[in-house]
Amino acid sequence: MLAQKNRLRRASDFALASKGMRISGENFLLYVATPTKGEQAGAPVKVGLIVGKNVGGSVVRHRVSRQIRHAIAPHLEEFPHGTLLLFRAHPGAAARADKNLSGEVSALVAKYLSRRSSTAQ
């Protein structure tokens, strides 16, 4: 699971993260805001979730949220310090939650890392 230090809490952080690079998946939209060089010093990678009512009822939304947090936790060290990640769940995520979302989360992370390496060169 995600530690408290790795969770987005403030609305300003959510707004900043939503201005980052967009990575689209089948059931998610991932925003990745990378920090400037001065902001990287020791700041943890933070993750935020937007799972709206269009995904499902309360139980379904919380299940989707738990699975996203569980799936992204092993990937946090792949991002630079201070990176902000924001997952927005689409309505189809509820159906996918029964089959486990970790594969799609891993695919989104891999897609971001390949884009980042291609733009860095």
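The values are calculated or read from the model by the stated rules, or taken from the named source; none is laboratory data. This is a predicted model, so every value here is computed, not measured. So basically every Cβ, Gly included, is an ideal-geometry build from the backbone, and we count neighbours across all protein chains shown.
List pairs: first in the stretch 77-90 and surrounded by 22 or more Cβ atoms within 10 Å (Cβ to Cβ), second acidic (Asp, Glu), Cβ under 9 Å, 6+ apart or cross-chain?
Once the first residue is surrounded by 22 or more Cβ atoms within 10 Å (Cβ to Cβ) and sits in the stretch 77-90, its partners that are acidic (Asp, Glu) give Leu84/Asp13; Leu86/Asp13.
Working carefully through the options Val55, Val60, Val45, Val64, find the one that is touching a Lys or Arg at 6+ places or on another chain (Cβ under 7 Å) and hydrophobic (A, V, I, L, M, F, W, C).
Going through Val55, Val60, Val45, Val64 in turn, just one is touching a Lys or Arg at 6+ places or on another chain (Cβ under 7 Å) and hydrophobic (A, V, I, L, M, F, W, C): Val55.
Does any residue in the stretch 56-68 that is buried (at least 17 other Cβ atoms within 10 Å of the Cβ) come within less than 6 Å, Cβ to Cβ, of a residue that is at pLDDT 90 or above and among the basic types (Lys, Arg) six or more places away or on a different chain, and which pairs are these?
Listed by first residue and then by second, the contacts come to nothing, as the list is empty.
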